[in-house]
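The values are calculated or read from the model by the stated rules, or taken from the named source; none is laboratory data. A quick note: this is a predicted structure, and the numbers were derived from the prediction, not measured. For neighbour counting, all protein chains shown are included, and Cβ atoms are generated from backbone atoms with ideal geometry for every residue, glycine included. The area values use the complete protein model at the heavy-atom level, side chains included, leaving out ligands, DNA and RNA. Shrake-Rupley method; radii C 1.70, N 1.55, O 1.52, S 1.80 Å.
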Amino acid sequence: QVQLVESGGGLVQAGGSLRLSCAASGSIFSINEMGWYRQVPGKQRDLVAIITSGGRTNYATSMKGRFTISRDNAKHTVYLQMNSLKPEDTAVYYCVVLVDGQGDYWGQGTQVTVSS
């Protein structure tokens, strides 16, 4: 079993920054992809960014240039640095990890609210 603990969400003014963290623990041999999704009420959960074990990244178009995903493999932790935040970035952000041989695990979600 794998547990994910997210942190770093909160309230910020437009133009501000936040850094999300998601630490995985438990029965982990190796983690393949790690990433972040977000969801607003009544809508589907959408991709924010993904990072592979080799460090290759993929971002949703609207996040390119503003968000940066990174990971610390030794700590089984993925980060999301969010800059130039906009009110439309308000959502619950979920981390996801793909554990080799076990499948994907999701975090509990952390609320990010950007005020105008």
Next item on the list: Search the range 33-60 for residues being open to solvent by less than 60 Å² (accessible area, probe 1.4 Å) and closer than 16 Å to Gln3 by Cα, and hand back the single one that is nearest to the chain's Cα centre (by Cα).
Entry: Trp36
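I need the strands (runs of 3 or more DSSP E) fully contained in the range 1-105, keeping only those with at least 1 residues that are in contact (Cβ under 8 Å) with a residue 12 or more places away in the chain and over 27 Å from Ser115 (Cα atoms).
Details: elements: 2-7, 10-13, 18-26, 31-39, 46-51, 57-59, 67-72, 77-82, 91-99.
Correct list: 2-7, 18-26, 31-39, 46-51, 57-59, 67-72, 77-82, 91-99.
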Notebook entry, point to check: When you go through (1) surrounded by fewer than 17 Cβ atoms within 10 Å (Cβ to Cβ); (2) closer than 17 Å to Arg45 by Cβ one by one for Asn73, which number turns out not to apply?
Noted result: (2)
Note to self: All but one of (1) out of contact with any Gly (no Cβ under 8 Å at 6 or more places or on another chain); (2) modelled with pLDDT of 95 or more; (3) surrounded by 12 or more Cβ atoms within 10 Å (Cβ to Cβ) hold for Ser21; state the number of the condition that does not hold.
What the structure shows: (1)
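Go through the range 61-108 and report how many residues are more than 25 Å from Val2 (Cβ to Cβ) and modelled with pLDDT of 95 or more.
To start, the set of residues in the range 61-108 that are more than 25 Å from Val2 (Cβ to Cβ) comprises 61-66, 83-90.
Add one more test, that the residue is modelled with pLDDT of 95 or more, and what stays is 66, 83-90.
The qualifying residues number 9.
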